[in-house]
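Before any comments, here is the structure.
The values are calculated or read from the model by the stated rules, or taken from the named source; none is laboratory data. Here the structure is a predicted model, which is why all the values come from computation and not from measurement. Cβ coordinates were reconstructed from backbone atoms using ideal geometry, including for glycine residues, and neighbour counts include every protein chain displayed. Surface accessibility is based on the protein's heavy atoms, side chains included, excluding ligands, DNA and RNA. Shrake-Rupley method; radii C 1.70, N 1.55, O 1.52, S 1.80 Å.
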Amino acid sequence: MAALIDGRAMARALGERTAQAVATLKADGVDPALAVVLVGHDPASEIYVRRKIGECRKAGIGSIEKRLAADCGEQALLDLIDTLNADPAVHGILVQLPLPAGIDAARVLDRISPAKDVDGFHPVNVGRLSTGSKGLVPCTPLGIMLLLDSVIEDYRGLNIVVIGKSNIVGKPVAMLLLEREATVTVTHIETRNLPDLARAADVIVAAAGAPHLVRGYWVKPGAVVIDVGITRMVDHDGASRIVGDCATHELDHAKAVTPVPGGVGPMTIACLLSNTVTAAQRSMS
Ligand code: GUN
């Protein structure tokens, strides 16, 4: 049987370290706080935002929830970001994506101060990641690295196939893996011979958003598989469940796999909190 990498337990452990860092910051007179901006009423975003704010509370991080109507207009959102950028009591700013039609997400993300960009989506932080210098790293890739670190000691020369080229997961995780001197192949929907490429990999990071894309025969014996997919599927009886990008029941021959749910997902939020603490710590210097 493949070992299951327990994202919930690892997220709990990271949460404890974050709570300790929060206590130290508070003792030094800094109350770390995250501003979460939600525009409109996208149902999935509502759930994510509620969860992020709840986890902040548990870790002792202040949360400032800012809601704008879907038709607020881009300028109102940019003005809000300017206000949050200028507020010394706000250490992290997160604008929940996707944004309603008519708002240019790139312009919005560009407006967030790189020092408060706890999502790591600002071009300055993207640039720092790609040059291996110190910035804020996107949460899901950061969480994936912590999960991988629990089963891999030395990445040098490993063949790693990333499936998906998104700005949120595929591209940044590839950069982090390159920093560790892995040989990284970034693949996507147009990639030819994807099963063959995957089968040659020591590690697969599946972030395509395609349920059960990665089948057993795609995975070589002893490989490590990180499943980033979270697709909500409705069964014929009306019950809904979350399905990953990997057919995990076919992966007994893998060395280790992340479950869905309970793998990457909990780590993403834990890393958001840890990024907020990092931003607060850096605000002191
Ligand atoms: N929507 C889906 N994933 C994310 C994320 O990581 N950050 C933000 N801000 N919005 C998202």
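The table below lists the values:
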{"quantity": "Flag for residue 66 being open to solvent by 40 Å² or more (accessible area, probe 1.4 Å), in contact with a strand residue (DSSP E or B) (Cβ under 7 Å, 6 or more places away or on another chain) and touching a residue at least 12 places away in the same chain (Cβ under 8 Å)", "calculated": "yes"}
{"quantity": "Residue that is farthest from residue 278 (Cα to Cα), among those in region 10-46 that are open to solvent by 20 Å² or more (accessible area, probe 1.4 Å), of a type in the set (A, V, I, L, M, F, W, C) and at pLDDT 95 or above", "calculated": "10"}
{"quantity": "Scan of region 245-256 for residues that are of a type in the set (A, V, I, L, M, F, W, C), assigned to a loop (DSSP other than H, G, I, E, B) and closer than 25 Å to residue 269 by Cα, ordered by number", "calculated": "247"}
{"quantity": "Per-region count, region 29-53, residues of a type outside the set (Gly, Ala, Ser), away from the ligand (no atom under 13 Å from the Cβ) and more than 25 Å from residue 231 (Cβ to Cβ)", "calculated": "3"}
{"quantity": "Some residue of region 8-26 being more than 30 Å from residue 222 (Cβ to Cβ), over 19 Å from the mean Cα position of the chain (by Cα) and not in a helix (DSSP H, G or I)", "calculated": "no"}
{"quantity": "Exclusive hit being within 21 Å of residue 273 (Cβ to Cβ), within 15 Å of the ligand (Cβ to nearest atom) and more than 19 Å from the chain's Cα centre (by Cα), set 68, 84", "calculated": "84"}
{"quantity": "Top-ranked residue in region 97-149 [being acidic (Asp, Glu) and closer than 28 Å to residue 15 by Cβ; ranked as nearest to the ligand (Cβ to nearest atom)]", "calculated": "119"}
{"quantity": "Cβ-Cβ under 9 Å pairs, at least 6 apart or on other chains, region 150-170 side without any contact (Cβ under 8 Å) to a residue 12 or more places away in the chain, far side more than 16 Å from the ligand (Cβ to nearest atom)", "calculated": "154/180; 154/181"}
